[in-house]
Structure formats: structure tokens, C-alpha cells
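Here is the structure we will look at.
The values are calculated or read from the model by the stated rules, or taken from the named source; none is laboratory data. Every value quoted in this text rests on a predicted model; they were computed, and no experiment measured them. Please note: Cβ atoms are built from the backbone with ideal geometry, for glycine as well, and neighbour counts cover all protein chains shown.
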């Protein structure tokens with residue numbers, strides 16, 4: 001009989017990141033940028049230029065081109081993995097709501113702040129009273 005002795009995180013963060021923008025168009029643009037980065041990562045993985053199990057030292061060519069075109073200069077190659085996480089992104093007018101069970105969300109935070117959002121982050125486990133306002 002083998003016993004598994006390791007550290008792992010099985011706890012769901014139930015994390016909410018709420019970005020409030022000046023207007024609906026700016027919020028929609030931020031959501032589109034996140035989706036475009038996700039597509040670029042998927043394209044690089046499918047082309048074999050990015051392994052899903054590795055943290056790259058440099059941006060693969062397609063991702064670097066996407067980030068340059070979007071004028072996003074504050075992400076690190078190590079943060080690319082965050083775009084692979086299961087994160088539900090919902091747009092409600094000038095408010096972008098990101099829900100994930102992950103705790104590592106620095107890439108999303110950087111994108112929302114650089115796009116001009118006021119950002120609130122909380123755990124739905126710890127602050128369930130805020131979930132009612134999200135509908």
C-alpha cells in the first residue's frame with residue numbers, strides 16, 4: 001500500500017475580482033483583451049511553442065506579438081499560466097466580474113488596473129454578504 005505524502009491545495013478560493021470602469025466600452029475592451037491573450041496562449045500551445053506544464057523564461061512569439069499590439073507591457077512570462085485557469089468572466093455594463101477558485105490572479109489584477117478599473121477582490125467563502133449584490 002502506498003500513501004501519498006505531499007502538499008496540495010484542494011481548497012476552493014471562491015475568489016471574486018470586481019473591476020469597475022468609467023464606462024461599459026472600457027470594461028468590454030478589458031474583457032476582450034483577456035480573451036485575446038487566452039486565444040494567443042492556446043494557439044502557441046497547439047503549435048508546440050508553449051508547453052502547458054512549463055513556465056517559460058520568455059514570451060513565445062505569438063504571445064509577445066499579441067501583448068505588444070494590445071500595448072500590455074507589465075505581464076511576466078510566469079503569469080501566462082494564470083490565463084489557463086478556469087475563470088468565469090462576466091460583463092455587466094461598466095463592471096467586469098471575474099470568478100475563480102485560484103488564488104494566483106496577479107495577471108488579471110494588472111490588466112484591470114492598467115485599463116483604469118477600480119478593483120475589489122474577496123473570497124465568497126469569507127464575505128458571502130457581497131455575493132447578493134452580484135445577482
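Remarks
- Pair list, Cβ < 7 Å and 6+ apart or interchain, from region 106-121 residues that are touching a residue at least 12 places away in the same chain (Cβ under 8 Å) and at negative phi to residues that are assigned to a loop (DSSP other than H, G, I, E, B) and surrounded by fewer than 16 Cβ atoms within 10 Å (Cβ to Cβ): 110/74; 114/74
- Note on region 13-39: residues that are touching a strand residue (DSSP E or B) at 6+ places or on another chain (Cβ under 7 Å) and free of Cβ contacts under 8 Å to residues at least 40 places away in the same chain total 0.
- Qualifying positions in region 17-55 - touching a helix residue (DSSP H, G or I) at 6+ places or on another chain (Cβ under 7 Å) and not in a loop (DSSP other than H, G, I, E, B): 17, 19, 30, 33, 34, 36, 37, 38, 40, 41, 43, 44
- Matching residues, region 40-61, being under 18 Å from the mean Cα position of the chain (by Cα), surrounded by fewer than 17 Cβ atoms within 10 Å (Cβ to Cβ) and over 22 Å from residue 101 (Cβ atoms): 43, 54, 56
- Residues within region 70-101 that are in a strand (DSSP E or B), farther than 16 Å from residue 33 by Cβ, free of Cβ contacts under 8 Å to residues at least 60 places away in the same chain and touching a strand residue (DSSP E or B) at 6+ places or on another chain (Cβ under 9 Å), tallied: 1
- One residue alone among 64, 75 is modelled with pLDDT of 95 or more and over 21 Å from residue 98 (Cα atoms), and that residue is 64.
- Region 102-114, residues that are touching a strand residue (DSSP E or B) at 6+ places or on another chain (Cβ under 7 Å) and at pLDDT 95 or above: 105, 108, 109, 112, 113
- Neighbours by Cβ (under 6 Å, 6+ apart or cross-chain): first from region 40-58, on the phi > 0 side of the Ramachandran plot and modelled with pLDDT of 90 or more; second surrounded by 15 or more Cβ atoms within 10 Å (Cβ to Cβ) and not in a helix (DSSP H, G or I): none
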